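Novice: First, the structure itself, so that you have it in front of you.
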Amino acid sequence: MKHLISCDQFKKDDLLSLFELTDKIKKNPLAYSEALKNKVIATLFYEPSTRTRLSFSAAIVRLGASLISTENANENSSANKGETLEDTIRIVQGYADAIVLRHPDDDAAMRAAQVATVPILNAGSGGKEHPSQGLLDVYTMNEYKKRMNNLKIAVIGDLKYGRTIHSMLKLLTLFDGIEVHALSVKELELPDEFNQIFKDRNVKYMKHTSMDTLPKNSDIIYQTRIQKERLKNEGINAATASFIINKKLLDTFSADTYLMHPLPRIEEVTTDLDNDPRAVFFPQAHNGMYIRMALLHQCFYGKEK
Ligand code: NCD
């Protein structure tokens, strides 16, 4: 892997080898503490982030590399003076061996990769993709459900601009027997490209307008917040476009229906279910660090043979 731009890059085998390495790292992170010794890795974040930036940072440091970083790059980098993303990449690649990039434009990671001589790792590009999150999501599903085939998943919230959903679905549907139940307001349905992806991959796809019709035996409920910063002219109010899950509602689902969320949660997941063993969004976020360690490792050393 040179660049990590989109989940379109992945085949089933790539996921399996990445998850195998992630398992090894998670079991014994200290064994990898010098893997990227003498490397310098830059993180450039043009949008707010807690989990992605800090888990990439922790991954970099835990692999023994050094980190250079611009948080809030819109204000704190020369973007504020009008420098293009391409020029910033041309400069930073002279200082760093890889660049982790989050940016509000859908095509930012691709544009960066077109000029970059070092690997670009997409840490979220506009409303389109968030590949490292998609990877940690599917890794977490496998961790809890012990399989990736034959999963029935309910995706809820902002399916239009929720980039984590796009990346996750592109990966999960590489596996067999996937059933997707989508719940959102009409204005925030999945982008049209998914109709084709689902058709090509024999995915059973159903749209819903209420929590009540979601299958109670779903394997995963993947809840998301409304991406209010990305809404354009949908003419909807973020507060009324959410479908809220609380403990009472979760209890109508099976004992092995896991509730995931890329976080941050706003009002769409209430805190009364936090101690329910099916609420796995915090361990899900923690897996992000291990997945990112594995991604960085593969970025420099390739797949293990
Ligand atoms: C997500 C993102 O940035 O797309 N957050 C994350 O990286 N875990 C989800 C969100 O912001 O809603």
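Novice: Taking each pair of distinct Cα atoms in the chain once, what is the resulting Kirkwood hydrodynamic radius in Å? Present the calculation step by step, with values, prior to reporting the outcome.
Specialist: Working: mean 1/r = 0.0507 Å⁻¹.
Hydrodynamic radius (Kirkwood, Cα only) of the chain equals 19.7 Å.
Novice: Between rounded, prolate and oblate, where does the range 1-129 land on the alpha carbon gyration tensor, with a ≥ b ≥ c its root eigenvalues, rounded for a/c under 1.5, else prolate if a/b exceeds b/c? Write out the running numbers ahead of the final one.
Specialist: Working: a/c = 1.86, a/b = 1.42, b/c = 1.32.
Verdict is prolate for the range 1-129.
Novice: Just flag the trypsin sites (Lys or Arg not before Pro) in the range 1-109 sitting in loop per DSSP whose Cβ has no more than 16 other Cβ atoms within 10 Å. Before the final figure, lay out the partial values.
Specialist: On the way: sites: K2, K11, K12, K24, K26, K27, K37, K39, R51, R53, R62, K81, R90, R102; in loops: K2, K11, K37, K39.
For trypsin sites (Lys or Arg not before Pro) across the range 1-109 that sit outside H, G, I, E and B with at most 16 neighbouring Cβ atoms in 10 Å, the list reads K2, K11, K37.
Novice: Show me, for the range 94-102, the HN-Hα J-couplings you get by feeding each phi into the Karplus relation (A = 6.51, B = -1.76, C = 1.60, θ = phi - 60°), rounded to Hz, glycine and proline as x.
Specialist: My calculation for the range 94-102 gives x, 9, 10, 8, 7, 10, 9, 10, 10 Hz in order.
Novice: Given the rule -39500 (n - 2.57) for each run of at least 4 DSSP H residues, summed and divided by the residues of the chain, what is its mean residue ellipticity at 222 nm, to the nearest 500 deg cm²/dmol?
Specialist: -10500 deg cm²/dmol
Novice: Moving on. For the chain, report the accessible area per residue in Å² (1.4 Å probe, heavy atoms, rounded to an integer).
Specialist: Working: 13360 Å² over 305 residues.
Averaged over the residues of the chain, the accessible area is 44 Å².
Novice: Work through the residues other than K128 whose Cβ is under 15 Å from its Cβ and net out their charges, Lys, Arg +1 and Asp, Glu -1. Each step should come with its number before you reach the end.
Specialist: Working: positive: R102, R111, K160, R163, K170, R230, K232; negative: D8, E47, D105, D106, D107, E129, D158, D192, E193, E229.
Overall, the nearby charge balance is -3.
Novice: Considering only the other residues whose Cβ falls under 13 Å of the Cβ of K232, what net charge follows from Lys and Arg at +1 and Asp and Glu at -1?
Specialist: Details: positive: K160, K228, R230; negative: D106, D158, E187, E229, E234.
Around K232, the charge tally is -2.
Novice: Heavy atoms only, probe 1.4 Å: what % of the accessible area of the chain goes to carbon and sulfur, would you let me know? Let's see the in-between values first.
Specialist: Values: 6570 of 13360 Å².
For the chain, the apolar C and S fraction of the accessible surface comes to 49 percent.
Novice: Place a +1 charge on the Cβ of each Lys and Arg in the range 169-305 and a -1 charge on the Cβ of each Asp and Glu, then give the dipole magnitude about the Cα centre in debye, rounded to the nearest 20.
Specialist: Details: 18 positive and 19 negative charges, 69 e Å.
About 340 debye.
Novice: Would you mind pulling out the separation of the Cα centroids of the range 177-207 and the range 39-68, in Å?
Specialist: 33 Å
Novice: Quote the charge dipole size of the chain about the Cα centre in Debye, to the nearest 20; the model charges only the Cβ of Lys and Arg (+1) and of Asp and Glu (-1).
Specialist: 620 debye
Novice: Full-extension gain between D14 and E187, please, as 0.36 nm times their residue separation minus the C-alpha to C-alpha distance. Can you show the working numbers first?
Specialist: Working: separation 173, 0.36 × 173 = 62.28 nm, distance 3.41 nm.
Length gained, D14 through E187: 58.9 nm.
Novice: So if I place +1 on the C-beta of Lys and Arg and -1 on the C-beta of Asp and Glu, and nothing else carries charge, what would the dipole magnitude of the range 122-235 be about its Cα centre? I want it in debye, nearest 20.
Specialist: Dipole of the range 122-235, to the nearest 20 debye: 100 debye.
Novice: In addition: Once you put a point 7 Å from the Cα of S254 and another 7 Å from the Cα of N150, both along the Cβ direction, what distance in nm separates them?
Specialist: 1.0 nm
Novice: What is the extension gain from D107 to I236, computed as 0.36 nm multiplied by their sequence separation minus the C-alpha to C-alpha distance, in nm to one decimal? Mind dumping the intermediate values first?
Specialist: Values: separation 129, 0.36 × 129 = 46.44 nm, distance 2.52 nm.
In short, 43.9 nm is gained.
Novice: Straight-line reach from K160: which lysines fall under 18 Å, measuring Cα to Cα and dropping same-chain residues less than 8 apart?
Specialist: Those lysines meeting the cut-off are K128, K170, K186, K207, K228, K232.
Novice: Please name whichever of L190, Y144, T271 sits farthest to the positive end of the charge dipole of the range 131-284, dipole taken about the Cα centre and charges placed at Cβ: Lys and Arg +1, Asp and Glu -1.
Specialist: Positive-end residue among those listed: L190.
Novice: Additional query: Over all Cα pairs of the range 131-284, how is the pair count split among 10 Å bins, expressed in % and running from 0 up to the last occupied bin?
Specialist: Going out from 0 Å in 10 Å bins, the range 131-284 shows 11, 45, 37, 7, 0 percent.
Novice: Calculate, in nm to one decimal, what V115 and D87 gain on full extension: separation in residues at 0.36 nm each, minus their alpha carbon distance.
Specialist: Details: separation 28, 0.36 × 28 = 10.08 nm, distance 0.86 nm.
That pair, V115 and D87, stretches by 9.2 nm at full extension.
Novice: Kindly sort K128, K228 by accessible area of their heavy atoms, largest first, with the probe set to 1.4 Å. Let's see the in-between values first.
Specialist: Numbers: K128 90, K228 135 Å².
Putting K128, K228 in descending order of accessible area: K228, K128.
The values are calculated or read from the model by the stated rules, or taken from the named source; none is laboratory data. Note that this is a predicted model, so its numbers are computed, not measured. Glycine also receives a Cβ, built like all others from the backbone with ideal geometry; neighbour counts cover every protein chain displayed. The accessibility values were calculated without ligands, DNA or RNA, using every heavy atom of the protein model including side chains. Shrake-Rupley method; radii C 1.70, N 1.55, O 1.52, S 1.80 Å.
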